[in-house]
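> Take a look at the following structure, please.
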């Protein structure tokens, strides 16, 4: 469903700093042209009565592996398009498809498929470039990543991959590994975000990494070091480092399980909404019933069990991925962490847009930006998802 002009009125419009009660918003040719606290005159536009619902910038998920029964590493166009469409139902209007540690040929195939999927993805969340997660990780902090593929940064490998694929926008690695600092500088110089992940680094290593471009922490708290002791001396880990370095941004899986409410509150208290992004880190079981599933690709992935709203390794010794959706992240921050709605929305819109350097066109309901808009009720149940001025989802249960 696509219209040149759309007017949304009688809504509670969420801006980065305030709530506009009874406001209206005008969209034309895929862009926001006006936001007002009065009823904009636009007789030629399709009229959407928000009926008192919240009118929010679209949700931006900068770390997501799958959903709707598919994983990006299935390496099929159906997987890419189904995942994008699945998450759009939950308010996600943009996402960064994410890989897992894998063989080089599988990674290349995923990157090549991204280019095709990006060109034909018109009914789901937009793709903001690929996020490569691994394989340059600490074995001690590998979590559910496949240890068969984990290794130190290989300049010949990553230089060739980057030279042949200009769609990589982010790469997560452990900065303490041999060659990782040089790898971070190489990424930064090419406009790719180096992020700290699956790491056992201490503060001194994190500080050097930060100065080399590692300005973001992937799934904060998960698979990263805290305070440790070496030869009786205590060392601050990545968690403490991210708190100490004011300029470092973090992302959190706010499903209330990977991080319980006290930690959600602590992250918000110290890092604030401007430096904290909400991510699903969702695997294929997001939006699907509980039961057995697979983390990673169908042909080479890890069997997991989905129960208690999270994926676990079969022996239940560790979590093996999130099944969260973007709407649930916002709901949890408001209800579990007592975060004001405006800040919770900022954490899943403007902040991730800023981290990924797309805030000039996405992340807030501002004239001139892309018309990525979500309507939801007081329970943060998604009513309508609009991407680039096109209505891609409408919850008819709310009609």
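The values are calculated or read from the model by the stated rules, or taken from the named source; none is laboratory data. Computed from a prediction, not measured in an experiment: that's the story for all the values here. With ideal geometry, Cβ positions are generated from the backbone for all residues, glycine too; neighbour counts draw on all protein chains shown.
> Scan region 208-236 for residues that are in contact (Cβ under 8 Å) with a residue 12 or more places away in the chain, outside any loop (DSSP other than H, G, I, E, B) and within 16 Å of residue 173 (Cβ to Cβ) and jot them down.
Answer for region 208-236, where residues must be in contact (Cβ under 8 Å) with a residue 12 or more places away in the chain, outside any loop (DSSP other than H, G, I, E, B) and within 16 Å of residue 173 (Cβ to Cβ): 208, 209, 210, 216, 217, 224.
> Ok, one more. Restricted to region 283-302, and to residues that are modelled with pLDDT under 90 and assigned to a loop (DSSP other than H, G, I, E, B), which residue is nearest to residue 258 (Cα to Cα)?
So, considering only residues that are modelled with pLDDT under 90 and assigned to a loop (DSSP other than H, G, I, E, B), the one nearest to residue 258 (Cα to Cα) is 296.
> Here is a list of conditions, (1) modelled with pLDDT of 95 or more; (2) farther than 18 Å from residue 19 by Cα, and residue 305 meets all of them except one; can you say which number that is?
The number of the failed condition is (1).
> Out of all the residues in region 248-255, is one or more without any contact (Cβ under 8 Å) to a residue 60 or more places away in the chain, farther than 30 Å from residue 68 by Cβ, in contact with a strand residue (DSSP E or B) (Cβ under 9 Å, 6 or more places away or on another chain) and crowded, with 24+ Cβ neighbours inside 10 Å?
Among the residues of region 248-255, not one is without any contact (Cβ under 8 Å) to a residue 60 or more places away in the chain, farther than 30 Å from residue 68 by Cβ, in contact with a strand residue (DSSP E or B) (Cβ under 9 Å, 6 or more places away or on another chain) and crowded, with 24+ Cβ neighbours inside 10 Å, which makes the answer no.
> Turning to a different aspect of this structure: Determine, yes or no, whether residue 84 is farther than 22 Å from residue 379 by Cα, without any contact (Cβ under 8 Å) to a residue 60 or more places away in the chain, under 14 Å from the mean Cα position of the chain (by Cα) and outside the structural domain of residue 393 (by TED's automatic domain parsing). Before you say what the answer is, go through the steps one by one.
Values: farther than 22 Å from residue 379 by Cα: yes; without any contact (Cβ under 8 Å) to a residue 60 or more places away in the chain: yes; under 14 Å from the mean Cα position of the chain (by Cα): yes; outside the structural domain of residue 393 (by TED's automatic domain parsing): yes.
Yes, satisfied.
> Oh, and also: Which ones in region 102-129 are more than 17 Å from residue 76 (Cβ to Cβ) and in contact with a strand residue (DSSP E or B) (Cβ under 7 Å, 6 or more places away or on another chain)?
125, 126, 128, 129, listed by residue number.
> Just one of the numbered conditions (1) part of a strand (DSSP E or B); (2) surrounded by 16 or more Cβ atoms within 10 Å (Cβ to Cβ) is not true of residue 258; which one?
It fails just one condition, (1).
> Determine which single condition residue 181 fails, assuming it passes every other condition in (1) surrounded by 14 or more Cβ atoms within 10 Å (Cβ to Cβ); (2) in contact with a strand residue (DSSP E or B) (Cβ under 9 Å, 6 or more places away or on another chain).
Of (1) surrounded by 14 or more Cβ atoms within 10 Å (Cβ to Cβ); (2) in contact with a strand residue (DSSP E or B) (Cβ under 9 Å, 6 or more places away or on another chain), only one is false for residue 181: (2).
> Another question, then. Out of 327, 300, 343, 338, report the one residue that is surrounded by fewer than 17 Cβ atoms within 10 Å (Cβ to Cβ), in the same structural domain as residue 146 (by TED's automatic domain parsing), in contact (Cβ under 8 Å) with a residue 60 or more places away in the chain and within 30 Å of residue 369 (Cα to Cα).
338
> Which residues, taken from region 156-178, are surrounded by 24 or more Cβ atoms within 10 Å (Cβ to Cβ) and either over 17 Å from residue 101 (Cα atoms) or in contact with a helix residue (DSSP H, G or I) (Cβ under 8 Å, 6 or more places away or on another chain) (or both)?
171, 173, 174, 175
> Further question: Could you run through region 90-120 and say how many residues are surrounded by fewer than 18 Cβ atoms within 10 Å (Cβ to Cβ) and either not in a helix (DSSP H, G or I) or not assigned by TED's automatic domain parsing to the domain that holds residue 329 (or both)?
Summing the residues that are surrounded by fewer than 18 Cβ atoms within 10 Å (Cβ to Cβ) and either not in a helix (DSSP H, G or I) or not assigned by TED's automatic domain parsing to the domain that holds residue 329 (or both) in region 90-120 gives 1.
> Restricting to region 340-384, name every residue that is more than 20 Å from residue 264 (Cβ to Cβ), in a loop (DSSP other than H, G, I, E, B) and in contact with a helix residue (DSSP H, G or I) (Cβ under 6 Å, 6 or more places away or on another chain).
Scanning region 340-384 gives 359, 362, 363, 364.
> Name the residue, out of 266, 244, that is under 22 Å from residue 175 (Cβ atoms) and without any contact (Cβ under 8 Å) to a residue 60 or more places away in the chain.
From the options 266, 244, the qualifying one is 244.
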